[in-house]
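Since the structure comes first, as structure tokens, the remarks are kept for the end.
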Amino acid sequence: MVRRLLQVVALATAVAVAIGAGTLVRHHVLEPDPVEVAEAATRAYASGDCEALRKVSLAPATVDCSAVTGVRDAYRSEGLEPDTFTYDVVAREDDTASVRIRYERDDQPAEEIVELERLDDHWLVLPVPLAG
């Protein structure tokens, strides 16, 4: 009887561990990481795609499409190409992350930090006030 009980407990433990591991793997494989979301936001700005930016924004209603168009125009006038940018996570804790974007502007190194928050298993860019 004790042996059977131990087998049942061992089986239940194995199932719980498998479910937990599967959940972690699913999140790691299926969920975009903060870098991918920062890249998507940068591409949306560069192309002036307001809807794409709203999809990766924590506060989509606050995304001003005319400001997105202005950023696109600035990228073009300054010759900034997001495909040449580099991205790396500089901080990540629980449901927040910071991604550094490095690029060259006027042949000088430049960088920006994008703040993200995880909501319902999705990383989203925090609203950024744009200079008007």
Open item on the list: If I filter region 80-91 for residues that are in contact with an Asp or Glu (Cβ under 7 Å, 6 or more places away or on another chain), in a strand (DSSP E or B) and within 24 Å of Asp49 (Cα to Cα), do I get at least one hit?
Closed with: yes
TODO: Output the number of residues of region 45-85 satisfying the condition of being within 26 Å of Asp121 (Cβ to Cβ), in contact with a strand residue (DSSP E or B) (Cβ under 7 Å, 6 or more places away or on another chain) and among the polar types (S, T, N, Q).
DONE: 1
Open item on the list: Checking the condition part of a strand (DSSP E or B) and touching a residue at least 60 places away in the same chain (Cβ under 8 Å), which residue from Ile113, Ile101 passes?
Closed with: Ile101
Open item on the list: Checking the conditions here, which among Ala16, Ala41, Ala12 is at pLDDT 95 or above, surrounded by 10 or more Cβ atoms within 10 Å (Cβ to Cβ) and of a type in the set (A, V, I, L, M)?
Closed with: Ala41
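The values are calculated or read from the model by the stated rules, or taken from the named source; none is laboratory data. Just so it is clear, the model here is predicted, and its values are computed rather than measured. Cβ atoms come from the backbone with ideal geometry, glycine included; neighbour counts cover every protein chain shown.
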